[in-house]
Amino acid sequence: MANLSENYEKVRALTQVEWQMLFDLIPEIQKTEKFGEFEEGQTLEDGTVELPYYQPIEIVGDLIDVVITLDFVPGWNWLEWEEGDDILCEPEPNYSKHKIITLCKLLTMIVRADEFEEGFLIENFEDGTILKILKALKRKIG
């Protein structure tokens with residue numbers, strides 16, 4: 001597990017080109033209203049049942065790819081990060097007041113949490129959370 005100072009160093013070492021990979025997603029996210037569809041489960045020919053799932057659109061996958069590529073906070077235990085839950089549960093969160101590392105942790109947490117809570121990432125796209133975090137990061141990075 002990486003310690004907190006290693007994660008700060010990892011984020012500080014990101015180049016403008018690497019940050020731009022993330023910021024290039026903003027225009028597409030801004031013009032999109034629906035980020036995925038809920039697909040009902042069905043019974044397959046062999047009799048097995050496919051569970052219902054969310055089918056994301058391409059921009060959702062693009063964000064996942066960039067977050068994984070940048071690997072903001074390697075080895076960090078997002079499951080135990082209560083501050084992140086508190087921030088995401090605020091009625092009107094002000095992402096601009098948070099440090100860059102906190103915003104990176106929020107993005108990582110949202111992407112990873114989707115693996116355990118189907119549709120969580122799409123929900124955070126549709127309610128504007130992802131866009132707000134990206135814009136706050138862009139303002140801070142410059």
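None of the figures in this text is laboratory data; all of them are computed from the coordinates on show. Since we're looking at a predicted model, the values are computed, not measured. Because the Cβ atoms are built from the backbone with ideal geometry, glycine has one as well, and the counts that use them run over all protein chains shown.
Return only the number of the condition from (1) hydrophobic (A, V, I, L, M, F, W, C); (2) more than 24 Å from residue 20 (Cα to Cα); (3) touching an Asp or Glu at 6+ places or on another chain (Cβ under 9 Å) that residue 81 does not satisfy.
(3)
Condition check: part of a helix (DSSP H, G or I), aromatic (Phe, Trp, Tyr) and in contact (Cβ under 8 Å) with a residue 12 or more places away in the chain. Does residue 125 satisfy that?
So residue 125 fits the description; yes.
Criterion first (closer than 22 Å to residue 28 by Cα, in contact with a helix residue (DSSP H, G or I) (Cβ under 9 Å, 6 or more places away or on another chain) and of a type in the set (D, E, K, R)) does residue 85 satisfy it? If you could, list the steps in order and put the result at the bottom.
Details: closer than 22 Å to residue 28 by Cα: no; in contact with a helix residue (DSSP H, G or I) (Cβ under 9 Å, 6 or more places away or on another chain): yes; of a type in the set (D, E, K, R): yes.
Considered against the rule, which asks whether it is closer than 22 Å to residue 28 by Cα, in contact with a helix residue (DSSP H, G or I) (Cβ under 9 Å, 6 or more places away or on another chain) and of a type in the set (D, E, K, R), residue 85 comes out as no.
Could you list, in sequence order, the residues of the stretch 65-122 that are outside any helix (DSSP H, G or I), of a type in the set (Lys, Arg) and surrounded by 16 or more Cβ atoms within 10 Å (Cβ to Cβ)?
Looking only at the stretch 65-122, we keep the residues that are outside any helix (DSSP H, G or I), and these are 71-77, 81, 90-94, 98-99, 114-119.
So of that shortlist, the ones also of a type in the set (Lys, Arg) come out as 99.
Result: no residue meets the conditions.
Inspect all residues belonging to the stretch 63-72 and state whether any of them is in contact with a strand residue (DSSP E or B) (Cβ under 6 Å, 6 or more places away or on another chain) and free of Cβ contacts under 8 Å to residues at least 24 places away in the same chain.
Residues of the stretch 63-72 in contact with a strand residue (DSSP E or B) (Cβ under 6 Å, 6 or more places away or on another chain): none.
No.
Pairs only if they're at least six apart or on different chains, beta carbon under 9 angstrom, first in the stretch 82-100 and free of Cβ contacts under 8 Å to residues at least 40 places away in the same chain and of a type in the set (A, V, I, L, M), second in a helix (DSSP H, G or I) and surrounded by 10 or more Cβ atoms within 10 Å (Cβ to Cβ); list them, first residue then second.
87/95; 87/102; 87/106
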